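**Student:** One structure is given below, represented as structure tokens, and several questions about it will come after.
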Amino acid sequence: MPGWAILGGLTLTGVLSADLAGILAAIIFASTATVLGRLTSAIGALGDDVDAFAAEASISRGPLHGTRYAVEQIRFAIRRLVRHWRAEVETAKARLAAAEAIIERAPDPLIVLDDRRQIIRANIAAKGLVGTLVLPCDFAAVLRNPAVLIAADAVLRGEAARSVEFTLTVPVERQLRARFARIDRPAPDAAVAVVTLHDVTELKRAEQMRADFIANASHELRTPLATLTGFIETLRGPARDDAEAHERFLAIMGGQATRMTRLVEDLLSLSRIELNEHVLPQGRVALGPLLQHLAEALELRAGEREMRIVLGVPPDLPDVQGDRDELAQVFQNLLDNAIKYGRVGTEISVGAATGQRPAAIGGSGPAGFVSVTIRDRGEGIAREHLPRLTERFYRVDTARSREMGGTGLGLAIVKHIVNRHRGFLEIDSTTGEGSTFTVLLRQYAAPPTQAAAR
């Protein structure tokens, strides 16, 4: 329009003829139409790109040939923005998927609550603990413990965190610790609080066992100490000049002192073993010569009860991985028990064999094991006592055990040494027939040489 206005003014003043002005006006119109057409096309393509971007569709068309407008630069900028945005979205999706997988596979049960105390999410461990869940569902329908619900309500009302311990009685009794934490930032799924459940059954049992251990140890030491104190007072008083009483009492005092010494030695031994229980021994031990040596060393004691130790160890028995002194302590304790509790005049059989079975803690797949079995012909042990035999100070017959000089720690020591060797201890007994103790140990595997490693 400005161009036409100028041409009209020039025509009216006689500067341009009407024909020339008409030709120039047509040229201006055609040029303007061409430019506007290209601009309209570029703006339309830009709109299509924005629509495709919103629909997450492809925007791979090439440039608009012949256009030199800023619209084309905007179009290219949008494409760069789309590529960057999509890369960010893919990264965010990958991180979200990783976080979802971690939460889902977390070993501890995890539950997410909304502001109405509804469960809106639960991982696999939580579903395994409380059973099948149809989400959303009321938290109170899953865990009905009053203390747990009070803690949940407190956090949903605004408290930052709370922890509470409770007991589940089915399907087996377990002690759990529930930890509630409030989510401060708004979550897209309306999550307000997260609950983690930790099984503290083993921890509570360990605490109880520690308390029982201290009580039992103090009791075991108090008895001989009281005996020694009583006899010392007697020897200083009424029996001061009684030579016969001196001899009798001193013999008893010596026995009690020996008993305390054995108890202290066993306690120290157990402490040392527990201290290194997480470290797998790397030595190589030949069981055949070791068992032969122990049988010969205990032959005299067995002979005092008219018993004999019969070895059935194959000559080609593989070596095992372990600590020789600790394994000697294991088999000496088991043979000593067999001598104590076997019937007079019977035999104690010691056998060994090889086999495969799943590896213990830290292992993967089947592993080669050597089993050593020690069997006595005693009175046997009732089935209900077998699970507790390896507990500290647990005795089937307390009076008989003390009479025979037992400290109540022998089998506990055996269990912890076997655990350190990543082995197994199996106990079987039949009342009236005797007991069988089987120790399974890893076969020795030589470490790879440097050449093999290369």
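**Student:** G254 is checked against (1) of a type outside the set (S, T, N, Q); (2) touching a Leu at 6+ places or on another chain (Cβ under 8 Å); (3) without any contact (Cβ under 8 Å) to a residue 40 or more places away in the chain and fails just one. What number does that condition carry?
**Tutor:** (2)
**Student:** Here is a further query. Here is a list: T261, T234. Which entry is of a type in the set (S, T, Y) and free of Cβ contacts under 8 Å to residues at least 12 places away in the same chain? Outline the logic, then answer.
**Tutor:** Values: T234 fails: free of Cβ contacts under 8 Å to residues at least 12 places away in the same chain.
Of the residues listed, the single one that is of a type in the set (S, T, Y) and free of Cβ contacts under 8 Å to residues at least 12 places away in the same chain is T261.
**Student:** Considering the stretch 84-110 alone, what residues qualify as being of a type in the set (K, R) and either closer than 10 Å to I124 by Cα or surrounded by 11 or more Cβ atoms within 10 Å (Cβ to Cβ) (or both)? It would help to see each step written out before you state the result.
**Tutor:** Restricting attention to the stretch 84-110, the residues satisfying the condition of being of a type in the set (K, R) are 86, 93, 95, 105.
Within the stretch 84-110, R86, R105 meet the criteria.
**Student:** Which count do you get for residues in the stretch 90-118 that are part of a loop (DSSP other than H, G, I, E, B) and without any contact (Cβ under 8 Å) to a residue 12 or more places away in the chain?
**Tutor:** Taking the stretch 90-118 first, the residues part of a loop (DSSP other than H, G, I, E, B) are 106-109, 114-117.
Going one step further and asking which of them are without any contact (Cβ under 8 Å) to a residue 12 or more places away in the chain, we end up with 116.
Count: 1.
**Student:** Another question, if that's okay. Is it the case that the stretch 301-313 has a residue that's in the same structural domain as S349 (by TED's automatic domain parsing), in a helix (DSSP H, G or I), among the small types (G, A, S) and in contact (Cβ under 8 Å) with a residue 12 or more places away in the chain?
**Tutor:** Here is the first cut: in the stretch 301-313, the residues in the same structural domain as S349 (by TED's automatic domain parsing) are 301-313.
If we keep only those that are in a helix (DSSP H, G or I) too, we end up with 301-304.
Going one step further and asking which of them are among the small types (G, A, S), we end up with 302-303.
Those left that are additionally in contact (Cβ under 8 Å) with a residue 12 or more places away in the chain: 302.
Yes, the stretch 301-313 contains a residue that is in the same structural domain as S349 (by TED's automatic domain parsing), in a helix (DSSP H, G or I), among the small types (G, A, S) and in contact (Cβ under 8 Å) with a residue 12 or more places away in the chain.
**Student:** Now for a different question. Give the stretch 236-265 a look and list any residue that's of a type outside the set (D, E, K, R) and either touching a helix residue (DSSP H, G or I) at 6+ places or on another chain (Cβ under 6 Å) or in the same structural domain as A412 (by TED's automatic domain parsing) (or both), or say none. Lay out the reasoning, then the answer.
**Tutor:** Residues of the stretch 236-265 that are of a type outside the set (D, E, K, R), as a first pass: 237-239, 243, 245-246, 249-258, 260-261, 263-264.
If the condition is that a residue be of a type outside the set (D, E, K, R) and either touching a helix residue (DSSP H, G or I) at 6+ places or on another chain (Cβ under 6 Å) or in the same structural domain as A412 (by TED's automatic domain parsing) (or both), then A239, F249, M253, Q256, M260, L263 are the ones that fit.
**Student:** Okay, next question. Within the stretch 386-402, identify whether any single residue is at positive phi and modelled with pLDDT of 85 or more, and answer yes or no.
**Tutor:** Step one: filter the stretch 386-402 for residues at positive phi, giving 393.
Now narrow it down to the ones that are modelled with pLDDT of 85 or more: none.
Checked the stretch 386-402: no residue is at positive phi and modelled with pLDDT of 85 or more.
**Student:** Continuing with the same structure: Is one or more of the residues making up the stretch 345-355 in contact with a Leu (Cβ under 6 Å, 6 or more places away or on another chain) and touching a residue at least 12 places away in the same chain (Cβ under 8 Å)?
**Tutor:** Scanning the stretch 345-355, I find at least one residue that is in contact with a Leu (Cβ under 6 Å, 6 or more places away or on another chain) and touching a residue at least 12 places away in the same chain (Cβ under 8 Å), so the answer is yes.
Condition check ((1) modelled with pLDDT of 80 or more; (2) touching a helix residue (DSSP H, G or I) at 6+ places or on another chain (Cβ under 7 Å); (3) under 30 Å from A243 (Cα atoms); (4) surrounded by 15 or more Cβ atoms within 10 Å (Cβ to Cβ)) across all residues:
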position: S163; (1), (2), (3), (4): yes, no, no, no
position: F166; (1), (2), (3), (4): yes, yes, no, yes
position: E173; (1), (2), (3), (4): no, no, no, no
position: A178; (1), (2), (3), (4): yes, yes, no, yes
position: T196; (1), (2), (3), (4): yes, no, no, yes
position: R210; (1), (2), (3), (4): no, no, no, no
position: S218; (1), (2), (3), (4): no, no, no, no
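**Student:** Looking at the stretch 327-336, is at least one residue touching a Lys or Arg at 6+ places or on another chain (Cβ under 9 Å), assigned by TED's automatic domain parsing to the domain that holds R422 and within 30 Å of A226 (Cα to Cα)?
**Tutor:** Checking the stretch 327-336: at least one residue is touching a Lys or Arg at 6+ places or on another chain (Cβ under 9 Å), assigned by TED's automatic domain parsing to the domain that holds R422 and within 30 Å of A226 (Cα to Cα).
**Student:** Based on this model, can you work out whether R284 counts as surrounded by 12 or more Cβ atoms within 10 Å (Cβ to Cβ) and in contact with a strand residue (DSSP E or B) (Cβ under 9 Å, 6 or more places away or on another chain)?
**Tutor:** On the way: surrounded by 12 or more Cβ atoms within 10 Å (Cβ to Cβ): yes; in contact with a strand residue (DSSP E or B) (Cβ under 9 Å, 6 or more places away or on another chain): yes.
Yes, satisfied.
**Student:** Out of all the residues in the stretch 231-245, is one or more surrounded by 12 or more Cβ atoms within 10 Å (Cβ to Cβ) and of a type in the set (D, E, K, R)?
**Tutor:** Here is the first cut: in the stretch 231-245, the residues surrounded by 12 or more Cβ atoms within 10 Å (Cβ to Cβ) are 231-232, 234-235, 239, 242, 245.
Filter again for of a type in the set (D, E, K, R), leaving 242.
For the stretch 231-245, residues surrounded by 12 or more Cβ atoms within 10 Å (Cβ to Cβ) and of a type in the set (D, E, K, R): present.
**Student:** Next question. Which residues, taken from the stretch 380-395, are touching an Asp or Glu at 6+ places or on another chain (Cβ under 9 Å) and closer than 13 Å to N337 by Cα? Reasoning before the result, please.
**Tutor:** So in the stretch 380-395, the residues touching an Asp or Glu at 6+ places or on another chain (Cβ under 9 Å) come out as 380, 386, 391-393.
Within the stretch 380-395, G380 is the sole residue that qualifies.
The values are calculated or read from the model by the stated rules, or taken from the named source; none is laboratory data. Just so we're clear, the structure is a prediction, and the values are computed from it rather than from any experiment. Ideal geometry is used to build each Cβ from the backbone, glycine not excepted, and the neighbour counts take in all protein chains shown.
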